[in-house]
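Working notes for the structure below.
The values are calculated or read from the model by the stated rules, or taken from the named source; none is laboratory data. What you see is a predicted model; the values in this text were computed from it and never measured. Using ideal geometry, Cβ is built from the backbone for each residue, glycine included, and neighbour counts are taken over all protein chains shown.
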Amino acid sequence: MSNAPTLSHAELLQLKRWNTPTIYNGWEQITAHDAAADAFNLEETTDFMAQMGPMIGYATTLIVELSNKAHKNAKAWEDYRAYLASVPGPKIAVVQDLDKPNFVGSFWGEVNSNTHRALGCVGTITDGCIRDIDEMTNAGFKALATRLCVGHAHSCPVKWNCEVEAFGRRIQPGQLIHADQHGFLAIPEGEEKHLLEAAQFMDRNECETVI
């Protein structure tokens, strides 16, 4: 997918005002996909910063394997951060943990959340673990994850800017993602343009007619 943003900053701010189910209701009206199975998480997520409300951004992608110390490589960190810096924001870092379900550590904590925040990421969706939850919250970095963890193990990027799978959903770099305490919605490429209009229509329809 292209890394060029498809919506204006104003449109993203308006989409962030609604919860993810409302955005799904709008997307369902405009998609050519099977809306029952084609875009949202199929496994349970936990929003550890629900008080921060929804987040929206374009996916950056990463694969980690914290149990394997052979991956530890300073050059990998340098190249991965260069990739993050090259992608326009706002961004959501989507991380696939190859150790799932036998987690040995957390990629996310105080350092990585602040680093990613400085590079334009507003949060993460990871099927792995997080730690330093208070420090991550103080950084303004939202996280949907599987669980909390104490240690970091052999934390290092393995592969990035590639297709990943998180919570049963395959995600491509550059996909627009909306996420909150209900889970996340990864909009298929090309279906972003009318998303705001559709969500506004469905919200009005519920308020004025259905309810």
Search result, residues across region 118-134 that are over 24 Å from residue 104 (Cβ atoms) and assigned to a helix (DSSP H, G or I)
118
Among 183, 168, the single one that is in contact (Cβ under 8 Å) with a residue 40 or more places away in the chain, under 18 Å from residue 44 (Cβ atoms) and surrounded by fewer than 22 Cβ atoms within 10 Å (Cβ to Cβ) is 168
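Restricted to region 99-149, and to residues that are among the charged types (D, E, K, R) and over 25 Å from residue 185 (Cβ atoms), which residue is surrounded by the fewest Cβ atoms within 10 Å (Cβ to Cβ)? Outline the logic, then answer.
Residues of region 99-149 that are among the charged types (D, E, K, R), as a first pass: 99-100, 110, 117, 127, 131-132, 134-135, 142, 147.
Narrowing further to those that are over 25 Å from residue 185 (Cβ atoms): 99, 110, 131-132, 134-135.
Working: 99: 17, 110: 16, 131: 20, 132: 19, 134: 8, 135: 14.
Residue satisfying both the conditions and the ranking: 134.
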From the option list 76, 39, 82, single residue qualifying as among the aliphatic types (A, V, I, L, M), more than 19 Å from residue 119 (Cα to Cα) and at pLDDT 90 or above is 39
Among the residues of region 197-211, is there at least one that is touching a residue at least 40 places away in the same chain (Cβ under 8 Å), aromatic (Phe, Trp, Tyr), in a helix (DSSP H, G or I) and over 21 Å from residue 49 (Cβ atoms)?
yes
Complete set of residues in region 192-202 that are of a type outside the set (A, V, I, L, M, F, W, C) and closer than 14 Å to residue 58 by Cβ:
192
Filtering region 85-98 down to residues that are within 16 Å of residue 164 (Cβ to Cβ) and in contact with a strand residue (DSSP E or B) (Cβ under 6 Å, 6 or more places away or on another chain), which residue is surrounded by the fewest Cβ atoms within 10 Å (Cβ to Cβ)?
87
For region 99-109, indicate whether the set of residues that are within 20 Å of residue 172 (Cα to Cα) and touching a Pro at 6+ places or on another chain (Cβ under 7 Å) is non-empty.
no
Might you let me know whether region 135-148 holds any residue that is part of a loop (DSSP other than H, G, I, E, B), in contact with a helix residue (DSSP H, G or I) (Cβ under 7 Å, 6 or more places away or on another chain), farther than 23 Å from residue 78 by Cα and not acidic (Asp, Glu)?
yes
